[in-house]
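**Q** Can you keep this structure in mind? I'll have questions shortly.
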Amino acid sequence: TINFTPKTVLALAPHPDDIELGMGGTLSKLIESGSLVTAVIFSTVDKSLPAGFSGKTSKKEAHSALQCLGVKENEIIFKNYPVREFEYHRQAILEDLVQFSKDL
C-alpha cells in the first residue's frame, strides 16, 4: 500500500529492464495515483548482448514495457554509457544526476 503520492518520481536504472523488473508494480501504482514518473536508463547494453541482438532492440523493448506501466513516452530517457564501464564515466553520470534533480 502506498500511503502518499509523490508529485514526481525519478526512476534510475543502469540497464534496460531493471526498472520494469525491479519496481514495475510500484511505478504503475504511483502513476495510477497521479505521480509523474521519469525513467532514466544509463546504458543500452550493446556490448553485452548476444550475437544477432542490438541495443536498439533492448531499448525498444524497455520503452514499450515502461509505456505499458504508464510512463509517458517523453519521460523515458536513455543515456549511452558503455555497459560495465560506469566507473570510467562517474563524473558525467554524477552531472547527469544533478541535472535531473534540477529539472525535476
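The values are calculated or read from the model by the stated rules, or taken from the named source; none is laboratory data. Because the structure is a prediction, the values reported are computed rather than measured. Ideal geometry is used to build each Cβ from the backbone, glycine not excepted, and the neighbour counts take in all protein chains shown. These accessible areas exclude ligands, DNA and RNA; they are computed on the full protein's heavy atoms, side chains included. Shrake-Rupley method; radii C 1.70, N 1.55, O 1.52, S 1.80 Å.
**Q** What lysines could a cross-link reach from LYS56, if we take a straight Cα to Cα line under 18 Å and drop same-chain neighbours fewer than 8 places away?
**A** LYS47, LYS79
**Q** Return, for the Cα atoms of the chain, the radius of gyration and Dmax in Å, separated by a comma.
**A** Reported Rg and Dmax, both Å: 14.1, 45.
**Q** Quick one: work out Rg over Rh on the C-alpha atoms of segment 46-104, Rh as Kirkwood radius. Don't jump to the answer; show the numbers that get you there.
**A** On the way: Rg = 13.7 Å, Rh = 13.4 Å.
Taking Rg over the Kirkwood Rh, I get 1.02.
**Q** Quick one: pull the percent of accessible area on the chain belonging to carbon and sulfur, 1.4 Å probe, ligands and nucleic acids left out. Please list the in-between numbers first.
**A** Numbers: 3480 of 6650 Å².
That share works out to 52 percent.
**Q** Follow-up. Mind ordering 57-66, 21-30, 82-91 by average Cβ neighbours within 10 Å, highest first? Walk me through the numbers on the way to the answer.
**A** Working: 57-66: 17.3, 21-30: 15.6, 82-91: 12.1.
Those peptides, ordered most packed to least, come out 57-66, 21-30, 82-91.
**Q** Another question, if that's okay. Near ALA62, within a Cβ-to-Cβ distance under 15 Å, what is the net charge of the other residues, with Lys and Arg +1 and Asp and Glu -1?
**A** Working: positive: LYS56, LYS59, LYS60, LYS72, LYS79; negative: ASP17, ASP18, GLU20, ASP46, GLU61, GLU73, GLU75.
The answer is -2.
**Q** Just the accessible area per residue of the chain, please: how many Å² with a 1.4 Å probe?
**A** 64 Å²
**Q** Hey, how many Å between the Cα centroid of segment 78-101 and the Cα centroid of segment 24-50?
**A** 16 Å
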